[in-house]
Structure formats: C-alpha cells, structure tokens
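Below is one structure, written out as structure tokens; comments come after it.
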Amino acid sequence: MKFHPGLLAICCIILSVRTIAQSPHILRTDPAYHTFDRMDVLRMSDTSLVSSINNYNRKEIIRYFQKVWNNDALTPTDRYDLLHAFRDNIEFFTEKSDIGKAEHQNQEGLFKNASEENRTSLTEISRADLERSPVLKYFYKSWANFLELETPSFSMYLNPVLHLNYGKESGTDTPVFQNTRGLDLRAYIDKKVYIYLQLLENQRSFLSYQNERIDRFNALPGQGLYKTFESSVVGRLKGFDYFNAKA
C-alpha cells in the first residue's frame, strides 16, 4: 500500500499541533485593548511581561494593569481607564479581600509602586471602586455586571447588549439605523474550563456604498443568513434582519 508524501506531511503537521487552554482574549473593540496599548507605549512594565501577553489575554492583561497601577507617571485619565478594565474583568482581579490595604506591597501585588524607594504616594483602590450594593439582591453586585454568580467551582457573568442608533445619509431620504439586542455571557468551571457566548438579534440598514456591495454579492459583511426587514411602525424604515451568535 502506497502512502502519498503530501498526505503524510499533512498528517505530521496535524499531529504535531498542541492545544493549550487559555483565558478569554480582549477583543479589539474592548476599551481595555486600547488601555493596554497606552500602557505598553509608556513602558510601564518589564518587556518579558509584555511579550508574554502579545495575544491580549484577559487574565494576563489585568495582572499587567495591577502591576502598573501606582506608577507615578500615570495621569488621572490613565487611572480611570485602568479602573474601567478592573471593573470589566473583576473575575481576574487578584487579592479582592485585600483591596484598600496598602500594607500589601509585595512584588506581585496590586500596590507595587514604580520604584522601591517611592512607595509613600500609593493610590489605593477601595472595595467600593469595584463592588456595590446589589439591586434587588441579585443584580449589579459589581459595577460592570448585570448578573453574576461566584462559587468555589463555578462563576458566571451575564450582561445584556443593546445598541441603538438612527441617522440619515446626506443626499437620500432613507434613514440609516441599527437595532441590536442580545446577551453576553462569560462562565468558568473550576478555573479550568472557560465558556463565552454572545447572542445578538439585529435589524439594521446600511449606507449606500455598503448596500451596493450587498446587492452585488448577496451577502451582509461579516454575517451569514439574513432576510429583508421593513418596519410596520416607522415609515421608510427598511433594512435587514439577521441573527449573530459567537461562542
């Protein structure tokens, strides 16, 4: 029996690939993505840490942000952006029980300053900066998450998604709009299995040059199945109806 050399090479490549479990990545549209770029440009941490998170891993980015939190070169805007990232990724915020305690000034902790001799100007993060009194006992226990559940072996963070806009393209009478509703879910099982799910229902119209491309290729940019949409409530509101799922 003969074995084709090309097929043998492909099998060798496939068998040599290793799979490595990772935490979720920061999406390019996430504010934390641009905050990391800002910190990297300012050279706020050692190069080995930067090179280890060039894939923008959420967990490593939050660790990186914690290391630079008390650098004296940070502006108030920088600290606001870092705090925003901490709130959005509270599951990766280490030492939550020690929030606000400046005596925890170890090399890996939150309150590490830029230099060993300049630790008198620490800016503390209080528990109120990350957590809050929940609404109806279960909702918004933290500033960034609508519903969250944390146990020793399982944690879940659920948020609604709402994107509404309405405008008009110059030279036309047809409105340009977007109506997106959905949910975004992150979950962790025993800190070993990560689950991400985003479900979006959309009604949307596009600009003229985009409509020309849609008509030409019979496809929405970046989407799959779709159907036409016409509002029965608002006149001249026409576009496309499509469902988007990421997991």
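Before moving on, here are some points about what is shown:
- Here region 137-196 is the region considered, the condition is being in contact with a Pro (Cβ under 7 Å, 6 or more places away or on another chain) and under 19 Å from ILE26 (Cβ atoms), and the residue that is surrounded by the fewest Cβ atoms within 10 Å (Cβ to Cβ) is TYR196.
- Qualifying residue in region 75-88 (condition: assigned to a loop (DSSP other than H, G, I, E, B) and modelled with pLDDT under 85): no
- Under the condition of being under 25 Å from the mean Cα position of the chain (by Cα) and without any contact (Cβ under 8 Å) to a residue 12 or more places away in the chain, the residues counted in region 196-247 number 2.
- Test: residue in region 52-59 that is touching a helix residue (DSSP H, G or I) at 6+ places or on another chain (Cβ under 8 Å) and at pLDDT 75 or above: yes
- Index of the failed condition, ILE125 passing every other in (1) under 14 Å from ASP88 (Cβ atoms); (2) touching a residue at least 40 places away in the same chain (Cβ under 8 Å): (1)
The values are calculated or read from the model by the stated rules, or taken from the named source; none is laboratory data. Note that the structure is a prediction, hence the values are computed from the model and not measured. All Cβ positions, even for glycine, are placed from backbone atoms using ideal geometry, and neighbour counts span all protein chains on display.
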